[in-house]
Structures are given as C-alpha cells and as structure tokens.
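A.B. asks: Can you read through this structure? Questions will come right after.
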C-alpha cells in the first residue's frame, strides 16, 4: 500500500502558508466552496497574505456568514461573494461571464467545492449524477467561462503566475469500471440504473477532476497557465455528512483538522518554486509533488472521454462553443513532471496502489 498517495500519516509539512506563502497583494482569486471547510481555509490564507478573494458559493446566506467571519478574523475586507451554483451549468456560465466582463484580472482559480457520497439517483439541474455534475462538470463550465480573463492575466504576468488548482482526492483510486468512470450511469436516463455506491461515485468524480486538470495543463501550456490537481489530505469537513455513521467511525482516527486541508491547495496556488515545468502535476499532503495517481488518471482515452462528456454537457445547455479553444488542441496524454526537488519536497511514487478517503 502506498501510504503517501493515500495521504495516510504524511510527514510534517515543510511549507506552511503563514510562514512561507509569498505576498499576494494585488492578486485576485476565485475560490469555490469558500463558505465552509477547506475552501474557507483557503480563502482565509489568501486574505492574510493580501489577496483579493471572490468566494464562489451557492448560498448567499451561508456565504455572507462566512465572509463576515473571515473579515473579522483576518482584519481584511477584500473578500466578496460570487454566486455560483455548480449544479446548474446555465447559472454557472452566466455568473462567470458577468465576472469576466466586470473584472480586469484573475490570478488564480481554486476549484475546491464539492459534494460527497450522495445517493446515486440525486441529479443536477441538467440531469447529471449530482457528484460528477457538481464536482466535475460544474467546475469545468466555470473554468472554461473564466478562461478569457485567466489568459488575459497570464499574458500580462508571465508563465506560471496564473494558476488553476483542482482539489481532487485520494478517492480517485476507488472505481468499479474498467474505464475508471461509468459514463452511462451519469446521464439522466442512466442515473436511476446506477447501482454504484455514493462513495464509488465520489471517487469517479475525483478522477474526473484529475482528467480535466491534465487536459487543461496540455491545452493551456502555451498560454502560460499552470494547472495542478491534488489530494488535500484526509480532512474533517462537511463532506462527511452524507457518509454512514460506520464510515465516519472508521475514518475518524485518520482525519486531520480542517485548516490542514488548505496547506496543499495554497502551496499549489502560490508557491514560487512551482513553474510551468510542473503543469499537470499532482500533489499530496503536505505540499508535496508526487508521481503516483491511478493509471486511469493519465490514460489518454479516459481523459478524452471525460473531456468529451463535460464539453458536450456544457454546449448542450449554453448552445455556444465555450470550449472551442481547448477542444481543438492536440490530445497527447499529459504526464506529471515532478522530478526536480523543491523546498517543500518532491516525492517519487513507485506504483498505482489503491486509495483511501479525503
């Protein structure tokens, strides 16, 4: 068993946000799920280092409460609500397009929101299985609609300064399909027939996050936008609310406090030692580049299938080819380039293994 890939018993962090994060004054970030859990801690860390943060959340009330608390705790007012319902492609794209029209820069997009272990028959507004539709398709729609502003900022700031961070999970190792993702069970006409557990479906969605990150790393390389995916650690968050009491009892002893879940995402979003050489990389706790992901995470056909599913889902709703620039790019499989050591440490895996929980 590859304990490093699972996030079990990670070594003490060599990089800490409060000590090592560069000054972020003047930089702008969108953080999904910033009203709770890891997303909230990510927003806190960015605020403390001078960034302007947009908390992209569905609930205005919950976001307002979190924003008020973060303002009080950090002493900074540079955090704003951005209403994003990732379970609605139409609403997500509309919000993102309005944001692009009103803002003049975007230095980082941290896709950290998610739902976990929901019943297989739960669906998004667009008829897609809820976990995949929210965690993967929703973030895909948001990312693609924000690309014009991300590219504009990257052109001004230089290679590797603008970043897209995809918070995946060690759960991407958990699947029950030879392709990794059971695509037929994700559609409205197949969701009811999907007999996979909520945990398996969550694992599929986290694999989908890595697929999208790897393809974006490829197609945005020439634009100088750094793409990274990661396992934030086995963290205590509200994502556990849909798991059974038995599951919570079993995994409880290996969970870390919520603030630790922000260490690796903040490293991915801000660390200066990460460059375009590392685009397409995968990180594990705490703030370490790592080689090992499930073989399907790097499989060209699997990446193509996930990308095509997301692209078709978005275009079927928006009736516009918002993904043209990416879908016309080459489809060479992206591999993780993490061979150079960094101050935070670079780990080298030796196998795919199996995976555990986020």
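Quick note: the coordinates plus some simple rules give every number you see, no bench work behind them. Predicted model only: the values in this text are computed from it and were never measured. Positions of Cβ are generated from backbone atoms using ideal geometry, with glycine treated the same way; all protein chains shown enter the neighbour counts.
A.B. asks: Could you sort 204-215, 63-74 so that the peptide with the highest average Cβ count within 10 Å comes first and the rest follow in order? Working shown, then result.
C.D. replies: Numbers: 204-215: 28.9, 63-74: 16.2.
Highest-to-lowest ranking by the protection proxy: 204-215, 63-74.
A.B. asks: Under the rule a/c < 1.5 gives rounded, and otherwise a/b versus b/c splits prolate from oblate, where does segment 3-327 land using the Cα gyration tensor?
C.D. replies: Details: a/c = 1.32, a/b = 1.14, b/c = 1.16.
In terms of gyration-tensor shape, rounded.
A.B. asks: Now a separate question. Take residue 71 and residue 184, extend 7 Å from each Cα along the Cα→Cβ direction, and tell me the distance between the two endpoints in nm.
C.D. replies: For residue 71 paired with residue 184, the spin-label model returns 5.3 nm.
A.B. asks: How do 316, 170 rank when sorted from fewest to most other Cβ atoms within 10 Å of their own Cβ? Could you put the intermediate results ahead of the total?
C.D. replies: On the way: 316 10, 170 29.
Neighbour counts put them in this order, fewest first: 316, 170.
A.B. asks: Using per-residue counts of other Cβ atoms within 10 Å, averaged over each peptide, order 39-45, 124-130, 10-16 from highest down.
C.D. replies: The peptides rank, most packed first, as 39-45, 124-130, 10-16.
A.B. asks: What order do you get for 263-269, 157-163, 308-314, 135-141 when each peptide is scored by the mean count of other beta carbon atoms within 10 Å, highest first? Show your work: numbers first, answer last.
C.D. replies: Details: 263-269: 28.4, 157-163: 17.6, 308-314: 20.1, 135-141: 30.3.
Result, highest mean first: 135-141, 263-269, 308-314, 157-163.
A.B. asks: Give me the one-decimal nm value for the distance between modelled label points at residue 104 and residue 156, 7 Å along each residue's Cα-to-Cβ direction.
C.D. replies: So the label points at residue 104 and residue 156 sit 0.6 nm apart.
A.B. asks: Can I ask one more? Based on a Kirkwood Rh over C-alpha pairs, give the Stokes-Einstein translational diffusion coefficient of segment 123-179 at 4 °C and viscosity 1.567 mPa s in µm²/s.
C.D. replies: 94 µm²/s
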